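Report on the following structure.
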Amino acid sequence: MTAVRQSAQTTENPIIRVRGLKNCFGEQVIHDGLDLDVCRGEIIGVVGGSGTGKSVLMRSIIGLQTPVEGSIEVFGENTIGRDETESAEIRKRWGILFQGGALFSTLTVSENVQVPLKEFYPQIDPVLLQEIAAYKVVMSGLPAEAAPKYPAELSGGMKKRAGLARALALDPELLFLDEPTAGLDPIGAAAFDELTASLQKTLGLTVFLITHDLDTLYAICDRVAVLADKRVIAVGTIDELLALDHPWIQEYFNGPRGRAAVAGIGKRDAAPAPLADQRT
Ligand SMILES: Nc1ncnc2c1ncn2[C@@H]1O[C@H](COP(=O)(O)OP(=O)(O)OP(=O)(O)O)[C@@H](O)[C@H]1O
């Protein structure tokens, strides 16, 4: 890995530590010798061409994909090969927003948010459950009236926020977001970015964020990890990545869309949208 910025925190106390990861599907090798450290409290963007294995990496870290080789530690704990009780203890410290929100269509927003609470705290009082869910819904920028609605009654942006509310249900330390702004219009995407950044600051979250959205990378990511050639080829700030002479990195960040994203961030910084208006 070309670690263009390795702070002491990165090497001494990463919240996620991946070493020598290898993932295969049959003959197809997705990752080989992949290393990555995620620092506590950062928003790290994970980018790479389509099919480079960003989602498979996330699935490996959260235990949905068992690697062929390598080690993965989250919160300092090895996550591979743990029994159910041990892995549940680790799982309840993170929240996940899957692509598209992955809400249960037959449950209301409130009931969706209650799913992880019921899973980990089955004895919890039903009134308290409702109250926590209502709080998480509002925290995610949805109006309180969204709580009794079903996913089919929500816009795309509202579904993402509902998924985020569910991801925040257990007060996680670590939040995984898989392409959270995909399918949102630019205003909705910018609003979601603002929400992510604001929650990260307020709650002290670490955010692992897979995205193709250059605006998101420029607007809210502290560092970016680049996947190519079956591993993380570089990790650092965008400025640090731009200093690297790698054709994919140069094309990605310095191409027309990258330049447009830089110009757009200037405008966005000049006039941030108030959170109350970010309910797209
Ligand atoms: N369950 C699976 N079975 C077989 N192949 C899989 C499976 N999951 C992922 N793959 C393959 O692994 C590769 C990486 O997939 P992944 O979804 O991680 O890519 P990605 O970088 O997230 O892509 P995108 O940016 O398009 O979402 C792809 O070639 C995909 O077809």
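A few points about this structure:
- When residues of the stretch 97-121 are limited to those that are within 20 Å of the chain's Cα centre (by Cα) and outside any helix (DSSP H, G or I), the one surrounded by the most Cβ atoms within 10 Å (Cβ to Cβ): LEU97
- Matching entry among ALA225, ALA190, ALA169 (being crowded, with 23+ Cβ neighbours inside 10 Å and in a helix (DSSP H, G or I)): ALA190
- Count of the stretch 122-154 residues, restricted to those that are polar (S, T, N, Q) and loosely packed, with under 14 Cβ neighbours inside 10 Å, is 1.
- Filtered by the rule that a residue be among the β-branched types (Val, Ile, Thr) and closer than 15 Å to ALA219 by Cβ, the stretch 138-193 gives THR181, ILE187.
Laboratory data are not the source of any read-out in this text; all were calculated from the coordinates shown. Worth saying up front: this structure is predicted, and the values here are computed from it rather than measured. Every residue, glycine among them, receives a Cβ derived from its backbone with ideal geometry; neighbour counts consider all protein chains shown.
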